[in-house]
1. Enter the mean projected area of the convex hull around the alpha-carbon atoms of the range 37-80, in nm², rounded to one decimal.
2. What's the ranking of 103-115, 153-165, 74-86 by average number of surrounding C-beta atoms within 10 Å, highest first?
3. Largest first and in whole Å, what are the equivalent-ellipsoid semi-axes of the range 1-52 based on the Cα gyration tensor, each being the root of 5 times an eigenvalue?
4. Please give, to one decimal in nm, the separation of the simple spin-label points placed at Asn115 and Leu184, each 7 Å out from Cα toward the Cβ.
5. Where both residues lie in the chain, what percent of DSSP beta bridges are antiparallel, nearest 5?
6. Using a cut-off of 9 Å between beta-carbons, work out the net charge of the residues near Val187 (Lys and Arg +1, Asp and Glu -1, Val187 not included).
7. With an 8 Å Cα cut-off and a minimum separation of 6 or more residues, compute the relative contact order for the chain in percent.
8. Which pairs, out of Lys78/Lys107; Lys58/Lys107; Lys58/Lys114; Lys30/Lys110, put more than 19 Å between their alpha-carbon atoms?
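The values are calculated or read from the model by the stated rules, or taken from the named source; none is laboratory data. Worth saying up front: this structure is predicted, and the values here are computed from it rather than measured. Every residue, glycine as well, gets a Cβ built from its backbone with ideal geometry; the counts of neighbours run over all protein chains shown. The area values use the complete protein model at the heavy-atom level, side chains included, leaving out ligands, DNA and RNA. Shrake-Rupley method; radii C 1.70, N 1.55, O 1.52, S 1.80 Å.
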Amino acid sequence: LAITQRLSSAGYDVAFTYMRSRKEATALQKSISRQGRRALAIQADFNHPEQATRSIAKSIRRNFGRLDVLVNNASIYKPARLNETRLELIEQLMKVHVQTPLLLCQKFEKLLRKNHGHVVNMIDLLAERPWPQFLAYCASKAALGNLTLGLARELAPHVTVNGIAPGVVQWPEDYPKQERKTYLQRVPLARAGTPEDVAELVHFLVTDGSYITGQIIRLDGGRSIT
C-alpha cells in the first residue's frame with residue numbers, strides 16, 4: 001500500500017497485486033485514479049507461481065505495454081521450528097519468496113531492459129540473522145537475497161536489481177508490548193520503522209539511486225549493528 005501510494009504520487013502509473021483483499025484493492029485503485037494516475041489491481045495467488053505470473057504479465061502488456069519498475073513485495077511470515085517444519089510449508093514459502101520473483105523477472109525481462117528499469121526485492125534482516133522459530137521463512141528470504149545478486153549480474157547493464165532488508169516497519173497487532181520494548185532497546189535510532197520508510201527507499205532506488213545495483217540495504221534503524 002505505502003509503496004504503491006508513494007510511486008503513484010511521484011507520477012507513476014501503477015499495477016499492484018492482491019490475493020483476497022478485494023475491497024481494499026478496489027479502494028486503493030479508485031484513490032489513485034482520483035489523483036489522475038492509472039491504476040490496475042490484479043488478483044493473484046502466488047501459491048501457483050506459473051499461473052499467477054502469466055496472468056500478471058498478460059494484464060501489464062494489455063493495459064500498459066511497458067514496465068519501468070518491478071517490486072517483489074509479497075510475503076508469508078509463518079513460524080515453524082525444526083521439528084514443526086513440513087515440506088508443504090517450505091514449498092509454499094519458496095513459491096512466494098523465490099519462484100514468483102524469478103518468473104516475473106523472466107517474463108518482464110524484455111520490457112525492463114527496453115526501459116532501463118529497476119527491480120526491488122523485499123527481503124528481511126532475518127535472512128542474515130535467522131531465528132530458529134522461523135527456520136524455513138528465513139531460509140527462503142536468504143534465497144531471495146541470493147537471487148537478487150544473481151539477477152543484478154544477469155540483467156546488467158540495462159536493469160538495476162536491489163533488495164531491501166527491513167527490521168520492524170510495522171508491528172503485528174498482537175505483538176506483546178514488552179517484546180516491542182525489548183526489541184527497541186537494541187535499535188540505535190530508538191524507534192520502529194514505518195511502511196513509509198520502505199516506500200521512500202524504494203522510490204530512491206528507482207529514481208536517484210539508479211547507479212546502485214546488486215545491493216541489499218538494511219532498513220532497520222541500526223538494529224543489525226548491535
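1. In nm², the orientation-averaged hull projection of the range 37-80 is 4.1.
2. 153-165, 103-115, 74-86
3. Each semi-axis is √(5λ); the values are 21, 11, 8 Å.
4. Those two pseudo-labels are separated by 4.0 nm.
5. Antiparallel: roughly 0 percent of the beta bridges in the chain.
6. Net charge in that neighbourhood comes out at +2.
7. After rounding, I find 20 percent.
8. Lys78/Lys107; Lys30/Lys110
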